Amino acid sequence: MSDSSTARPAASGAVPPDIRLVRSAGELTLLIDGVQAMQAWEHDLMCRSAELLCEQGGEFLEAGLGLGISARHIASLPNVRGHLVVEKYASVIELFRQANPVLPDNLRIVEADFFDHVDSLPDNSFDGIFFDPELPRETFEDRALLDAFVPRLLRVLRPGGRFVPMFAIAGEVPDAATCTTSPGAMVERYLRFFDRVVLERLPYRAYPDTRYTPARTGDAFVLCFQR
Ligand SMILES: C[S@@+](CC[C@H](N)C(=O)[O-])C[C@H]1O[C@@H](n2cnc3c(N)ncnc32)[C@H](O)[C@@H]1O
């Protein structure tokens, strides 16, 4: 069964972000308060990330729905028994459901802040986590914050479980790129919590107006960490 449920009410008085899907000339962008949170040119990178994550099958967890490209691909892969996506914003879920009225039985979407919701999940309950929430850059660069948060993720990951963050990009990554960085910085961020990492290079082609890549085309790197 697929559903979207509210795990906690929006804080009273909190101003909801301005969320819109912009379609033009075959391009698709999810804007959150004017930030390019996701663009559909990332399709192949999302799918390859999902494939590395789910190679062994099992139960999966994802932070951030976005356009739902990775979510749908994960749910479609062989031996994926269940996929739980935690998305903070109701309107992101609503837009996704409008575009995808029929969802696979193994895909469940919960409206919640991932950083709160993860603590409500049972120990050792997932074989892999896809971690691609759109957050301010400082959040990912705050080592103390990661040191406190990543162990909370590891609690729900089974031994041998995998962790795939947003892909890395070669070159001078612009400030508009919040959750991505160079492959070296990505390894530095996360490898200390894991035993091994698989790094795969894939070429990308962004849109002419993409603000979060160093160039229109270049190399991206999918990273799959494993315990
Ligand atoms: C880059 S998009 C995800 C793209 C997705 N992988 C795809 O294939 O379309 C990031 C998503 O994370 C969500 N997000 C940001 N902060 C979050 C949080 N704290 N908890 C859950 N979702 C969050 C955003 O609303 C956005 O939908």
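A quick yes/no check of all residues on (1) closer than 21 Å to residue 93 by Cα; (2) at pLDDT below 95:
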{"site": "8", "(1), (2)": "yes, yes"}
{"site": "25", "(1), (2)": "no, yes"}
{"site": "53", "(1), (2)": "no, no"}
{"site": "81", "(1), (2)": "no, no"}
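Output the number of residues of segment 128-166 satisfying the condition of being aliphatic (A, V, I, L, M), within 16 Å of the ligand (Cβ to nearest atom) and not in a strand (DSSP E or B).
Let us first name the residues in segment 128-166 that are aliphatic (A, V, I, L, M), namely 129, 135, 144-146, 148, 150, 153-154, 156-157, 164, 166.
With within 16 Å of the ligand (Cβ to nearest atom) added as a condition, the list becomes 129, 135, 145-146, 148, 150, 153, 156, 164, 166.
After this cut, where a residue has to be not in a strand (DSSP E or B) as well, the list is 135, 145-146, 148, 150, 153, 156, 166.
Number satisfying all stated conditions: 8.
Filter segment 129-147 for residues that are modelled with pLDDT under 95 and among the aliphatic types (A, V, I, L, M); which is farthest from residue 80 (Cα to Cα)?
Within segment 129-147, the subset modelled with pLDDT under 95 is 132-147.
In the following step, the residues that additionally are among the aliphatic types (A, V, I, L, M) were identified as 135, 144-146.
Numbers: 135: 27, 144: 33, 145: 31, 146: 28 Å.
The selected residue is 144.
Select from segment 96-106 the residues that are touching a residue at least 40 places away in the same chain (Cβ under 8 Å) and either over 20 Å from residue 66 (Cβ atoms) or touching a helix residue (DSSP H, G or I) at 6+ places or on another chain (Cβ under 6 Å) (or both) and list them in ascending order.
Passing the criteria: 104, 105.
Report yes if residue 55 is charged (D, E, K, R), in contact with a helix residue (DSSP H, G or I) (Cβ under 8 Å, 6 or more places away or on another chain) and not in a helix (DSSP H, G or I), otherwise no.
no
Looking at segment 107-121, which of the residues that are without any contact (Cβ under 8 Å) to a residue 60 or more places away in the chain and within 7 Å of the ligand (Cβ to nearest atom) is nearest to the chain's Cα centre (by Cα)?
This residue is 114.
Here are 145, 202, 191: which of them is without any contact (Cβ under 8 Å) to a residue 60 or more places away in the chain, closer than 24 Å to residue 55 by Cα and surrounded by fewer than 15 Cβ atoms within 10 Å (Cβ to Cβ)? Let's see the steps before the verdict.
Values: 145 fails: closer than 24 Å to residue 55 by Cα; 202 fails: without any contact (Cβ under 8 Å) to a residue 60 or more places away in the chain.
Selected residue: 191, the only one of 145, 202, 191 that is without any contact (Cβ under 8 Å) to a residue 60 or more places away in the chain, closer than 24 Å to residue 55 by Cα and surrounded by fewer than 15 Cβ atoms within 10 Å (Cβ to Cβ).
Go through segment 31-49 residue by residue and tally those that are more than 16 Å from residue 204 (Cβ to Cβ) and either touching a residue at least 60 places away in the same chain (Cβ under 8 Å) or crowded, with 19+ Cβ neighbours inside 10 Å (or both). Even if it seems obvious, please write down each step before you answer.
Here is the first cut: in segment 31-49, the residues more than 16 Å from residue 204 (Cβ to Cβ) are 31-35, 37.
Subsequent filtering for residues that are either touching a residue at least 60 places away in the same chain (Cβ under 8 Å) or crowded, with 19+ Cβ neighbours inside 10 Å (or both) retains 32, 35, 37.
Counting residues in segment 31-49 that are more than 16 Å from residue 204 (Cβ to Cβ) and either touching a residue at least 60 places away in the same chain (Cβ under 8 Å) or crowded, with 19+ Cβ neighbours inside 10 Å (or both) gives 3.
Just to be sure, is residue 224 within 16 Å of the ligand (Cβ to nearest atom), assigned to a strand (DSSP E or B), out of contact with any Cys (no Cβ under 6 Å at 6 or more places or on another chain) and within 24 Å of residue 84 (Cβ to Cβ)? Please lay out each step first, then the result.
Details: within 16 Å of the ligand (Cβ to nearest atom): yes; assigned to a strand (DSSP E or B): yes; out of contact with any Cys (no Cβ under 6 Å at 6 or more places or on another chain): yes; within 24 Å of residue 84 (Cβ to Cβ): yes.
For residue 224, the condition - within 16 Å of the ligand (Cβ to nearest atom), assigned to a strand (DSSP E or B), out of contact with any Cys (no Cβ under 6 Å at 6 or more places or on another chain) and within 24 Å of residue 84 (Cβ to Cβ) - is met.
The values are calculated or read from the model by the stated rules, or taken from the named source; none is laboratory data. Everything numeric here is computed off the predicted structure, so don't read it as measured data. Cβ atoms come from the backbone with ideal geometry, glycine included; neighbour counts cover every protein chain shown.
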